[in-house]
Amino acid sequence: MAETISMPKLGFDMAEGLLVRWVRQVGETINKGDVLAEIETDKATVEVESSASGVVLQLIVDQGTMVPVNAPIAIVGAAGEKVDSASPSKVEGQKSVDESPLPATPIVDSAPQAVASADGVAVKASPLAKKIAHDQKVDLSNVKGTGPGGRIVRKDIEAALSSGQLTVDSGQSKAGIIPSLPTTHYTPTTEDKAIQTTKLRQAIGRRLVESKTTIPHFYVTHEFKMDALMDMRKQVNAYLPDNEKVSVNDFVLKGVALSLRQFPNLNATLKGTEIVQFGHVNVGVAVTVPGGLMTVVVKDTDQKTLRQISGEVKVMAARAREGKVKPEDVDGSTFSTSNLGMYDVEEFIAIINPPEAGILAISSAREIPVVENGQVKAGWRMKATISVDHRVSDGAEAAQFMQALAGFLENPVRMLV
């Protein structure tokens, strides 16, 4: 029986996505889990996998079409199976990106996401193509796009690089890539520069404005003794290969998940007059990507080992930075974390990721002078701050949660048994 493939919903605030490219065509055989198409959202370029095996019977929408979430995009079934015909791009609510008026004056962005040619005309390229161009120091104005409307996609960059005919930007960047600063002399400019914000930055702005204006935040900070954890991490990593070593953040994620089991009211969301406590503990991890942040989700974090958590975060973070996240990577978080520990940050607060009830801001684990039993000595300490929706919980519960978390972080063997 034929099965309809729909536009996936990546996050609660996603309303539509741009179908960038069909990877499979009508008549081709496809297996469940194979990539069917590439879509672009406010956050990333995502590979859509087929949920069925069979033959691609129909592609309902054209490349370059903006499609509402959950709208049908393709039909997969048995060879020769009859399906109701539907004209591409005619599903209600869809619109071609070509219908949107272009800005009268192109704006050159100094970040990798904004691309302009030598004459100032904007060059259309997918986020993944822009990232590859940025990494390879490639001038996109010399690349011919084969995507919808001449859009440059990944395969165009790869083909041009393999041919050896692509001009590499040597510093006078025409592609919007930030050139290296001269080593001997630099003359600062006094001209103002208008920088077009990326779709990702716009999406972050909308969500955080909504969060700060509709959710009454309150904050509780706790300082954790990290000596035992730092010692255990060193012992654990001594038995692991370099690509599997666990981080402090992996311990924190596990501790957060176990603590949320004790305080289900913080692993929750507010719906009308009801607080819905989630049955699963899915901890979101904020990941830095070109142009902003993305939250990847470790499902059932409380039930996984440190190595499993570490491995999943590494894989999903790499996909996020490459612009190749899967729908399940970013969907379903019940509580979020944000870690700036790698930047030598003493303390900060984070904004709640709606519709969740809380988020934990994790600072650096630092070796500092501490007083114990009247004696000054060196000790490892780390501060973390929880932000909580005051409509769901109060300060006492948040403080008790932080004490429970301290019980795991300061006695890390509890997370291994």
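The values are calculated or read from the model by the stated rules, or taken from the named source; none is laboratory data. Quantities reported herein were computed from a predicted structural model and do not represent experimental measurements. A quick note on method: Cβ atoms are made from the backbone with ideal geometry, for glycine too, and the neighbour counts reach across all protein chains shown.
Just a few scattered comments:
- Residues satisfying the stated conditions in segment 133-150, i.e. within 27 Å of Thr288 (Cβ to Cβ), at pLDDT below 75 and crowded, with 17+ Cβ neighbours inside 10 Å: His134, Gly147
- One residue stands out among those in segment 287-317 that are in a strand (DSSP E or B) and modelled with pLDDT under 95: the one that is nearest to the chain's Cα centre (by Cα), which is Met294.
- Complete set of residues in segment 274-286 that are assigned to a loop (DSSP other than H, G, I, E, B) and in contact (Cβ under 8 Å) with a residue 40 or more places away in the chain: Phe278, His280, Val281, Asn282
- Residue in segment 392-414 that is under 25 Å from the mean Cα position of the chain (by Cα) and not in a loop (DSSP other than H, G, I, E, B) present: no
- Consider segment 232-260 and keep the residues that are of a type in the set (Ser, Thr, Tyr) and touching a residue at least 24 places away in the same chain (Cβ under 8 Å). The one that is surrounded by the most Cβ atoms within 10 Å (Cβ to Cβ) is Ser259.
- Number of residues in segment 347-366 that are modelled with pLDDT under 95 and either among the hydrophobic types (A, V, I, L, M, F, W, C) or more than 20 Å from the chain's Cα centre (by Cα) (or both): the value is 0.
- Selection within segment 192-218 - of a type in the set (A, V, I, L, M, F, W, C), under 13 Å from Asn353 (Cβ atoms) and under 17 Å from the mean Cα position of the chain (by Cα): Ala203, Ile204, Leu208
- Test: residue in segment 328-338 that is free of Cβ contacts under 8 Å to residues at least 24 places away in the same chain and hydrophobic (A, V, I, L, M, F, W, C): no
- Selection from segment 51-82 of residues that are among the hydroxyl-bearing types (Ser, Thr, Tyr) and modelled with pLDDT under 90: Ser51, Thr65
- Filtered residue count, segment 282-301, keeping only those that are out of contact with any strand residue (DSSP E or B) (no Cβ under 7 Å at 6 or more places or on another chain) and more than 19 Å from Thr197 (Cα to Cα): 2
- Matching option when the condition is under 17 Å from Ser333 (Cβ atoms) and at pLDDT below 95, among Leu208, Leu260, Leu266, Leu200: Leu208
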